[in-house]
Structures are given as C-alpha cells and as structure tokens.
C-alpha cells in the first residue's frame with residue numbers, strides 16, 4: 001500500500017519540476033534570442049561569482065569557527081557554540097535591507113564618518129554596499145552557519161585517537177587540522193557548502209535589491225516584464241541545471257570520501273588551553289561573524305522598530321501577522337502528512353523503488369522558489385483555462401480562476417519546496433524506534449497503520465513538533481514563491497518587508513523584518529539544544 005501512496009506523492013510533487021524541464025523541448029522565442037544576446041551571460045557570470053564568493057566566505061567562517069569551538073578553550077567558547085547559529089534566523093534579504101540602511105550615504109555610519117573627518121560626500125571613498133561584493137558579504141554572513149553546523153558535528157564526532165596519533169608523529173595543532181581533521185570532515189563541509197550555495201541561487205530579494213543580475217531576477221523580469229512564459233521557463237531550466245550540478249558534486253564528494261575511524265573508542269574532545277593573545281584571537285575570530293551576521297543587524301532593526309512601531313503596528317500589521325502565521329501553519333501541517341507517509345513507507349517497505357521515489361519527492365528543497373512557482377503556475381493555469389473553456393462551451397458559465405491566484409496553489413508550492421525538511425525530520429525520529437517494537441505490535445495483531453498511530457506517533461511527538469516548527473519558519477521566510485503565487489490583496493510579513501524596502505522605506509520595513517527574525521530563532525534554539533548530543537559518548541556535564 002505504501003508503495004502506491006509514494007508513487008502518487010512523487011508524481012504530484014514532481015509535477016512542477018517536470019513542467020520546467022519540459023521547456024527544454026519547447027522552441028526558443030525571440031525573447032530568448034534577445035536574452036542570449038544581451039543579459040544571459042551576465043546572469044551566468046554573476047551567479048558563478050556569487051557561488052564562488054559565498055563558498056569562500058561562508059566556508060572560511062564556518063570551518064574556522066567550528067574547529068575553534070570544538071578544540072580550544074578561550075573566553076566565550078560556551079556562548080559561541082550555540083550563538084554562532086543565530087544568523088540562520090535572519091533571511092538574506094533582511095540583512096541586506098538592514099546593512100543598506102546602515103551603510104548608505106544618509107545612514108549612521110557615513111554620517112558619523114563625515115562628522116568625524118569634516119569631509120563632504122564625494123570627498124572620501126566608501127565601499128558600495130549595493131554591489132556584487134556586497135551581496136557576497138550578505139550571503140556569507142547569514143549562510144556560514146550551514147557550514148558551521150555540519151562541520152562542528154563532524155569534528156565532535158571524530159575519534160580523538162586519530163588526532164592523538166597525528167600529534168605523536170610530530171604534527172602541530174594546525175597541521176593535524178589540515179591533514180587529519182579536515183579530510184575526515186570533508187563530506188560534511190561540502191554538504192554545508194552545497195546548502196549555502198543552493199540558498200544563494202534561490203534568493204531573489206537580496207540580488208534584486210542590490211541590482212545584481214542573476215537567474216532569479218532574470219526570471220522575474222522575463223515573466224512579469226516581457227510576459228514570456230517560455231523564455232522564463234527556459235531560464236528556470238538553466239538555473240535548475242546549476243542546482244543539479246551542486247547536488248551531483250555533493251554526492252560525488254561523499255562517494256569518493258573514504259575516511260574511517262581506526263577505533264570505536266570515543267572520549268571527550270580535548271579543550272586545548274591557549275596563551276592569552278591566541279585565546280583573544282580565537283574569541284575575535286568567532287565574535288566577528290556573530291556580530292556582523294546577527295547582533296548588529298538585530299540591534300539596528302530594533303532601533304528602527306522602536307522608532308516606527310506606533311506608525312507601523314496597526315490593524316494592517318496584525319492582519320499581516322495573521323496571514324503569515326496561518327499560511328505558514330497550514331503549510332507545516334499539510335507538509336507533515338506526506339512526510340510522515342513517505343518516512344513510514346521507507347521503514348515498512350525499504351525496497352529500491354520505495355527509496356528512489358521518496359528521494360524524488362524530497363528534491364524540492366534544493367529547487368529555488370522561483371522555479372517551483374513557475375512549475376506550479378503554468379500547469380494549474382492551463383487547468384483553470386481548460387475547466388473554464390469547457391464550462392463556457394457546455395453551460396455558458398465562467399468558473400474563473402479555481403486554482404491559480406488562490407492560497408491552494410501557494411500551499412501546494414510550499415509542500416513541494418519543504419517536503420524534504422519534514423521528511424528528514426520524521427525519518428530521524430523513526431530511526432530512534434527499534435524495529436523490535438514493530439514486530440511486537442504485529443504479534444499483537446496490529447496493522448501497519450495501527451502501529452503507526454498507536455505506537456510510533458506517541459513516541460515521535462518531539463520529532464513531529466520539530467518538523468512542524470522548521471517548516472513553519474521556512475514558509476514564513478519564503479519570498480520568491482510567495483511573490484509570484486500569492487492571491488491579490490494578500491500580503492505576508494516577508495512580502496511587506498520586501499515592498500517597503502523596495503520603496504526605500506527601510507526603517508518602516510523593520511517591524512515586519514524583526515517579526516520574521518524573532519520567529520526564526522525558534523529552530524535555531526532547537527538546533528543549539530541538540531548539536532552537542534550528536535556525538536557518541538556525549539556527556540552533558542563534560543561538554544560545553
């Protein structure tokens with residue numbers, strides 16, 4: 001039974017991707033020729049440069065901070081172990097708006113600089129925040145926690161014996177890091193970088209606000225400016241190919257990695273005490289990304305929100321909160337159901353087709369929201385037109401838009417986008433339940449569905465709640481798909497923050513932005529509570 005359920009879910013969820021891929025076989029239009037002659041190479045070049053810059057920035061900050069808090073004792077180490085995850089709560093487009101308000105000509109930084117130096121605007125050099133380099137910095141600051149999280153999990157999971165053996169062979173701490181610890185953690189680091197780069201490719205708010213021409217901005221311009229769905233779909237195929245290359249590289253890295261522990265003996269990781277000056281350097285190395293990625297933006301948003309809340313927090317803001325939370329909550333509940341069915345199907349029927357179809361169903365998280373929006377809107381738009389045409393011909397009645405332009409199509413896009421998050425969280429919870437409990441339930445005459453309802457669900461309450469929370473926050477922050485698919489006169493916090501920032505009302509956007517950030521702290525807190533417990537032999541009294 002579960003195999004048939006998986007087939008249905010896989011076919012439904014894969015429809016947007018298959019729709020986009022079908023544009024490979026559609027003849028190119030004049031718009032596509034125009035794009036190829038003018039801006040296509042800008043899209044490709046800027047996307048590649050963004051990926052390269054974010055890989056260097058996020059990789060350096062994530063790996064360095066993960067190694068320092070895992071191996072060394074320095075002031076603030078216990079704080080940094082969880083605080084370095086806080087930038088995950090800040091969407092890239094929000095930090096872009098915040099830093100623009102801080103660093104632009106009329107912002108507090110340049111104003112203070114002019115007051116201190118007596119120089120006028122144009123008499124001094126100041127870096128341009130709205131640029132490709134500025135976008136790389138913004139993405140690196142909010143996406144390095146992906147690398148930090150997975151790299152630190154890999155470091156604390158490593159056997160100390162390998163590190164001890166390298167030290168006995170004359171390797172210093174940094175040589176042991178490069179020759180032993182880093183190779184062992186390479187698959188995790190590549191996985192973290194892949195997540196960061198896929199988020200970079202999927203972003204629309206930041207690159208649009210900074211005026212950087214990428215595939216996402218090109219798709220929006222082609223769809224809503226040139227009104228050419230074929231050319232927009234073909235741009236989506238190109239963007240999708242970038243994503244698939246990242247996925248293949250990540251899989252290839254894990255397949256080629258053949259590093260194993262030489263022993264099963266685990267012990268508490270060493271906390272190497274450093275001289276005062278080196279300890280201070282470690283503190284600064286962890287403090288800078290935390291300050292730049294969370295503390296400073298959050299403080300600036302708080303200042304703006306305090307100054308504008310009387311004007312901005314009104315009935316319309318309450319409606320925004322209600323719309324956002326009800327939409328995100330509905331998406332979380334709806335997404336949990338297929339995630340639970342797929343995960344349990346893998347448990348009771350772990351066959352090749354079951355696993356393959358499950359992975360096909362969970363590929364949506366790697367696909368940008370812009371691509372999913374196009375892949376959802378086109379087939380449902382054609383379905384609406386077909387139904388309306390049939391009703392006109394046979395009953396002289398126009399049904400209008402049944403699916404397109406409604407919350408249904410937006411919720412469907414959320415399910416496609418975030419099913420992987422729900423599935424992986426539920427699978428993790430099921431993995432902690434011994435198979436012997438299934439055998440005991442069957443011996444008592446319970447069916448598979450009864451076993452799921454009466455045995456597994458009560459045990460998995462924590463994992464189910466975690467899945468709901470993570471999908472809720474992800475849906476709350478989603479911008480591109482919401483911009484394309486939301487009904488008329490239906491706004492969310494993310495869309496409102498984007499609209500106000502686009503109108504250069506950066507301070508007014510702070511109330512919506514800070515609401516998103518505060519909500520985003522919930523999964524960060526959940527992650528920070530579980531990261532230390534991921535290592536075999538964990539001791540809550542010994543670990544920070």
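Data for the structure
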| quantity | calculated |
| --- | --- |
| Search result, residues across the stretch 23-40 that are assigned to a helix (DSSP H, G or I) and surrounded by 14 or more Cβ atoms within 10 Å (Cβ to Cβ) | 23, 31, 32, 34, 35, 40 |
| Failed item in (1) in a helix (DSSP H, G or I); (2) more than 21 Å from the chain's Cα centre (by Cα); (3) surrounded by fewer than 18 Cβ atoms within 10 Å (Cβ to Cβ), with residue 400 passing the rest | (1) |
| Only listed residue being in contact with a helix residue (DSSP H, G or I) (Cβ under 8 Å, 6 or more places away or on another chain), in a helix (DSSP H, G or I) and modelled with pLDDT of 80 or more, chosen from 470, 531 | 470 |
| The listed residue being over 20 Å from residue 348 (Cα atoms), free of Cβ contacts under 8 Å to residues at least 40 places away in the same chain and within 19 Å of the chain's Cα centre (by Cα), out of 412, 395, 418 | 412 |
| Odd one out for residue 50 among (1) assigned to a helix (DSSP H, G or I); (2) more than 23 Å from the chain's Cα centre (by Cα) | (2) |
| Top-ranked residue of the stretch 363-383 - restricted to ones that are part of a helix (DSSP H, G or I) and at pLDDT below 85, ranked as surrounded by the most Cβ atoms within 10 Å (Cβ to Cβ) | 364 |
| Residue in the stretch 86-124 that is surrounded by the most Cβ atoms within 10 Å (Cβ to Cβ), counting only those that are within 30 Å of residue 277 (Cβ to Cβ) and touching a helix residue (DSSP H, G or I) at 6+ places or on another chain (Cβ under 9 Å) | 87 |
| Filter result for the condition that a residue is within 29 Å of residue 498 (Cβ to Cβ) and in a helix (DSSP H, G or I), over 93, 4 | 93 |
| Residues being crowded, with 18+ Cβ neighbours inside 10 Å and more than 28 Å from residue 523 (Cβ to Cβ) - total across the stretch 41-85 | 2 |
| Single match in 60, 81 (criterion: within 30 Å of residue 131 (Cα to Cα) and in contact with a helix residue (DSSP H, G or I) (Cβ under 9 Å, 6 or more places away or on another chain)) | 60 |
| Any hit, the stretch 430-446, residues being out of contact with any strand residue (DSSP E or B) (no Cβ under 7 Å at 6 or more places or on another chain), at negative phi and at pLDDT 85 or above | no |
| So residue 163, is it modelled with pLDDT under 60, surrounded by 18 or more Cβ atoms within 10 Å (Cβ to Cβ) and assigned to a helix (DSSP H, G or I) | yes |
| Scan of the stretch 481-492 for residues that are in a helix (DSSP H, G or I) and either more than 23 Å from residue 510 (Cβ to Cβ) or at pLDDT 90 or above (or both), ordered by number | 481, 482, 484, 485 |
| Answer residue from the stretch 271-307, given it is in a loop (DSSP other than H, G, I, E, B) and touching a strand residue (DSSP E or B) at 6+ places or on another chain (Cβ under 9 Å) and is modelled with the lowest pLDDT among those | 271 |
| Residues satisfying the stated conditions in the stretch 206-229, i.e. at pLDDT below 90, touching a helix residue (DSSP H, G or I) at 6+ places or on another chain (Cβ under 6 Å) and assigned to a loop (DSSP other than H, G, I, E, B) | 226, 228 |
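Quick grid of which residues meet (1) modelled with pLDDT under 90; (2) under 17 Å from residue 466 (Cα atoms); (3) crowded, with 22+ Cβ neighbours inside 10 Å:
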residue: 314; (1), (2), (3): yes, no, no
residue: 321; (1), (2), (3): no, no, no
residue: 326; (1), (2), (3): no, no, no
residue: 329; (1), (2), (3): no, yes, no
residue: 332; (1), (2), (3): no, yes, yes
residue: 340; (1), (2), (3): yes, yes, yes
residue: 348; (1), (2), (3): yes, no, no
residue: 351; (1), (2), (3): yes, no, no
residue: 355; (1), (2), (3): yes, no, no
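The values are calculated or read from the model by the stated rules, or taken from the named source; none is laboratory data. The model shown is predicted, which means the values in this text are computed figures rather than measured ones. All Cβ positions, even for glycine, are placed from backbone atoms using ideal geometry, and neighbour counts span all protein chains on display.
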